[in-house]
Amino acid sequence: MTDSDTDTATESDLLDRLATVEDPRNDDDIVSMGLVNDVTVDGDAAEVSLAFNAPYAPAEIEIGNAVRDAASDAGLDPEIRAQFGEEHGFEADVLPGVRNVIAVASGKGGVGKTTVAANLAAGLKERGARVGILDADVHGPNVPRLLPTENEPGMLPEGDIVPPRSDGVMVMSTEHLLPDGDDPAVLRGPMVNNVMMKFINDVEWGQLDYLIVDLPPGTGDASLNLLQTLPIAGVVVVTTPQEMAVADARKGLRLFADHDAPVLGVVENMSAFHCPDCGDTHRVFGEGGADEIHADYDVPVVGSLPVHPDFDTETADGPTVRDDDSPVQADLEAMVDEVADRVGEVNRRQVAERVGEWEGDDDGEGGDEGEAADRVPAGAEPE
């Protein structure tokens, strides 16, 4: 391109260049998908507004860099803004300051759901996001054990609760309301729902990029009410390789499908034990459970975590994802990145489907998993 060409770059020229920028997760360009809200060129300065809503997701960072390169190649100095609102399908009536609610669920207890939720929250915060976590497992509130808070909940003059923080992560749990850590939360169904609705309606979360909700295990009333109340960006289902855990995880997938909650993927916890003495890998709880779900329902596996003593809350100093000396930190960071990318992938696809005639690839080759990965077909049998 000659100097004269670069001096005359217009909004139309820049838009043509942006049409060559691909969304790596949805296999189409960002202009065709309607992800470019606005383009303004003023002299050598260009401002591009993108319909992005997954802060610090690697794929959105990659797209943003490609947009900057496209503008720079046109001789422009780019400024990129993310703008996402009601016109893109963002629900502002419930938790208006929260951009994405990610539910972490399991079909049964004892599979490490809270470990996954706490490390996901801490990992997103480590990347720079504004994060909160709601411990919705009222009868087994263990989030503060993994994310110990520096203070107690506060109270605003109008009565709203201010969550305490754990190294920057806002934490709200019934554990904070119990007089003794060994006291059980003896609450019947309606009382559980009242507690949860108070946490949703009367907690001042402020402005958050992500709110992680640690759901109770199983498919009971509490999970149903939360799914019906909260604007869920997506659900992460946690399982172990064991047959019974996988069977219960499948039931959870169908529950979310029936309530139109996008399934971001499955995390297989306790997938293997790497023996530090002999160097061998032992599949002590079996293997292939998450892969079976992926094969049957086309739901991606977004994480595979081993059995490791670093996950023990008695010996760990906070969530393992913050431990630079832990050999499992890389596994956790990969899970955090993949979940954030899936949130962005689903959000961007929903924007594209909302603004026009865009349709993703039906052959399953586009993106990572295609549309089936977002919602397990309600009432349908697995493949």
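Here are some notes:
- Whole-percent carbon and sulfur share, accessible surface of region 222-263, 1.4 Å: 48
- Normalised contact order of region 18-112, rounded percent, pairs of Cα under 8 Å and 6 or more residues apart: 24
- Rounded to the nearest Hz, the phi-derived 3J(HN,Hα) couplings of region 292-308 under the Karplus curve 6.51 cos²θ - 1.76 cosθ + 1.60 (θ = phi - 60°) are 5, 5, 4, 5, 7, 10, 6, 9, x, 8, 9, x, 9, 10, x, 6, 7, where x marks glycine and proline.
- Amide H contacts for residue 106 (H built 1.01 Å from N in the peptide plane; partners 5 or more residues away or on another chain; cut-off under 5 Å): 218, 238.
- Phi angles of region 324-336 translate, via the Karplus equation with coefficients 6.51, -1.76, 1.60 and θ = phi - 60°, into HN-Hα couplings of 5, 8, 7, x, 9, 4, 4, 4, 5, 5, 5, 5, 4 Hz per residue; Gly and Pro are given as x.
- Under 5 Å, built H, 5+ apart or other chain: amide partners of residue 82: 50
- Antiparallel beta bridges, as assigned by DSSP with both residues in region 1-137, represent about 55 percent of the total such bridges.
- Nitroxide proxy distance, nm - points 7 Å out along Cα→Cβ at residue 202 and residue 296: 4.2
- Amide H within-cut-off set for residue 9, under 5 Å, with H built and near neighbours excluded: none
- Counting only residues at least eight positions apart within a chain, or on another chain, the lysines with an alpha carbon under 22 Å from that of residue 108 are 251.
- The length gained by stretching the chain between residue 333 and residue 92 to full extension, at 0.36 nm per residue less their Cα-Cα distance, is 83.8 nm.
- If you sort the three axes of the alpha carbon gyration tensor as a ≥ b ≥ c, you get a/c of 1.5 or more for region 91-131 and a/b no higher than b/c, which makes it oblate.
The values are calculated or read from the model by the stated rules, or taken from the named source; none is laboratory data. These numbers were taken from a predicted model, which means no experiment stands behind them. Every residue, glycine as well, gets a Cβ built from its backbone with ideal geometry; the counts of neighbours run over all protein chains shown. Only protein heavy atoms, including side chains, enter the accessible area calculation; ligands, DNA and RNA are left aside. Shrake-Rupley method; radii C 1.70, N 1.55, O 1.52, S 1.80 Å.
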